[in-house]
Amino acid sequence: MLEVEATGARLGLTDTHAHLSYIAERLGRRAIDELAAAYADAGAMVLDPGVDYDDYPVRKAAFGDLGFVRLAAGIWPDAESIGDAEARVAALEAHLRDPACVAVGECGLDYHWMHGGPSEQAELFSAQAELAVRLGKPLIVHSRDAHRDTLAIVGPVASRIPVIIHCFGYDEEAAREYAAAGCYVSFAGNLSYKKSGALRAACAAVPGERLLLETDSPYMCPEPRRGKDATPLDIGRTYALAAALRGSSIDDLAELVARNAAALFG
Ligand SMILES: [Zn+2]
């Protein structure tokens, strides 16, 4: 196995959130071919989430044949989607009914960019949460500067379907609240950033059976490559850091996250 320099982590580690189409746009199809080689015998998966009501068929055509890739479909709270929520959620449902679509998302609340208002965002998000419950598929949640309102929506849902808080960006107390509600908490490369002390405390506190790791690539490249385009091949540093924070070995953590992800996404 190839080693990620200086971390002891091997390549081909479970990544529960990577935007493969953005990676291909920025780095070329060659980056996807490199992933295919690294993940071929790794026994780990990469989950490619959707962001728009109609991006699923394109992503399925591009990545659906790769055995390590799992696909989800969801609508991110951008202005166009909020303005046309009902029709777009209805169109999304057709894609979600595809057996190859393993989860609903990403969807959620973003009060940093704040398109529409909180109630419009909640409407688009809740409609997708209801769809996830109806179809019995996990819900992948984006939440930025919106912890309380996110918890209010996912709390009642998390007892019925798995809920994943992706690229978790709050503190230890919030992480404990999500875990207590039954949610999975997924940490990305920003875990390594200088000012992310609260995130690191949160990562140490999440119960093992609720922990996931992701890149959110091409964003959130871990240090020392912060600001560069990331791919799932950059996740080794996040595993190494999370393992250190949790007093675990990288191999045990890799096994734990692979098991959690397999239970969620098959
Ligand atoms: Zn994302």
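Table: residues versus (1) closer than 18 Å to Ala18 by Cα; (2) in contact (Cβ under 8 Å) with a residue 24 or more places away in the chain.
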site: Ala38; (1), (2): yes, yes
site: Val51; (1), (2): yes, yes
site: Leu71; (1), (2): yes, yes
site: Ala91; (1), (2): no, yes
site: Asp98; (1), (2): no, yes
site: Gly117; (1), (2): no, no
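Rundown of residues vs (1) away from the ligand (no atom under 16 Å from the Cβ); (2) at pLDDT 95 or above; (3) surrounded by fewer than 23 Cβ atoms within 10 Å (Cβ to Cβ); (4) assigned to a helix (DSSP H, G or I), yes/no style:
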{"position": "Glu25", "(1), (2), (3), (4)": "no, yes, yes, yes"}
{"position": "Arg30", "(1), (2), (3), (4)": "yes, yes, yes, yes"}
{"position": "Glu34", "(1), (2), (3), (4)": "yes, yes, yes, yes"}
{"position": "Ala42", "(1), (2), (3), (4)": "yes, no, yes, no"}
{"position": "Leu47", "(1), (2), (3), (4)": "no, yes, no, no"}
{"position": "Asp52", "(1), (2), (3), (4)": "no, yes, yes, no"}
{"position": "Gly67", "(1), (2), (3), (4)": "yes, yes, yes, no"}
{"position": "Ala72", "(1), (2), (3), (4)": "no, yes, no, no"}
Among the residues in the range 74-91, are any surrounded by fewer than 20 Cβ atoms within 10 Å (Cβ to Cβ), within 16 Å of the ligand (Cβ to nearest atom) and among the polar types (S, T, N, Q)? no
Pair list, Cβ < 8 Å and 6+ apart or interchain, from the range 102-114 residues that are on the phi < 0 side of the Ramachandran plot and within 14 Å of the ligand (Cβ to nearest atom) to residues that are part of a loop (DSSP other than H, G, I, E, B) and of a type in the set (A, V, I, L, M): Glu106/Val51; Cys107/Ile75; Leu109/Ala146; Asp110/Ala146
Quick check on my filter: what residues within the range 206-222 are crowded, with 17+ Cβ neighbours inside 10 Å and not in a loop (DSSP other than H, G, I, E, B)? Arg210, Leu211, Leu212, Leu213, Ser217
So which of Ala240, Ala244, Ala202, Ala198 is over 29 Å from Gly28 (Cα atoms), surrounded by 17 or more Cβ atoms within 10 Å (Cβ to Cβ), more than 15 Å from the ligand (Cβ to nearest atom) and small (Gly, Ala, Ser)? Ala202
Condition met for Leu20 (in contact with a helix residue (DSSP H, G or I) (Cβ under 7 Å, 6 or more places away or on another chain) and either of a type in the set (Lys, Arg) or within 16 Å of the ligand (Cβ to nearest atom) (or both)): yes
Unmet requirement for Arg225, which otherwise passes all of (1) at pLDDT 95 or above; (2) more than 30 Å from Leu92 (Cβ to Cβ); (3) surrounded by fewer than 21 Cβ atoms within 10 Å (Cβ to Cβ): (1)
Asp98 being in contact with a Phe, Trp or Tyr (Cβ under 9 Å, 6 or more places away or on another chain), among the charged types (D, E, K, R) and modelled with pLDDT of 95 or more: yes
Evaluation of Gly108 against (1) of a type in the set (Gly, Ala, Ser); (2) surrounded by 24 or more Cβ atoms within 10 Å (Cβ to Cβ); (3) farther than 24 Å from Phe265 by Cβ (one fails), failing number: (3)
Can you tell me which residues in the range 146-165 are within 16 Å of the ligand (Cβ to nearest atom) and either aliphatic (A, V, I, L, M) or surrounded by fewer than 20 Cβ atoms within 10 Å (Cβ to Cβ) (or both)? Ala146, Val163, Ile164, Ile165
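The values are calculated or read from the model by the stated rules, or taken from the named source; none is laboratory data. As the structure is a prediction and not an experimental result, all values here were calculated from the model. Using ideal geometry, Cβ is built from the backbone for each residue, glycine included, and neighbour counts are taken over all protein chains shown.
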